[in-house]
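Written below as structure tokens is the structure these notes are about.
Rule-based calculations on the coordinates, nothing more; no lab input. It should be emphasised that the depicted structure is a prediction, and the values quoted were computed from it without experimental measurement.
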Amino acid sequence: MNGLVIGNGFDLTHGLPTRYREFLKFCYICVLSKLIIFTKLVSILNYI
């Protein structure tokens, strides 16, 4: 699947966090939170 992203700068002009850096930060936070939940779940299952 290919995609092309074209922007006109409206989002950046209005201070929205839509830069690629912000997207990567969002992905990192999502993955990190899932990892924390998974780790807690594994520790609970090991306790049982």
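Some points to look at:
- With kT/(6 pi eta Rh) evaluated at 37 °C and eta = 0.692 mPa s, and Rh the Kirkwood radius from Cα pairs, the chain diffuses with a coefficient of 239 µm²/s according to Stokes-Einstein.
- For the chain, the longest principal axis of the C-alpha atoms and the axis of helix 20-47 are separated by about 10°.
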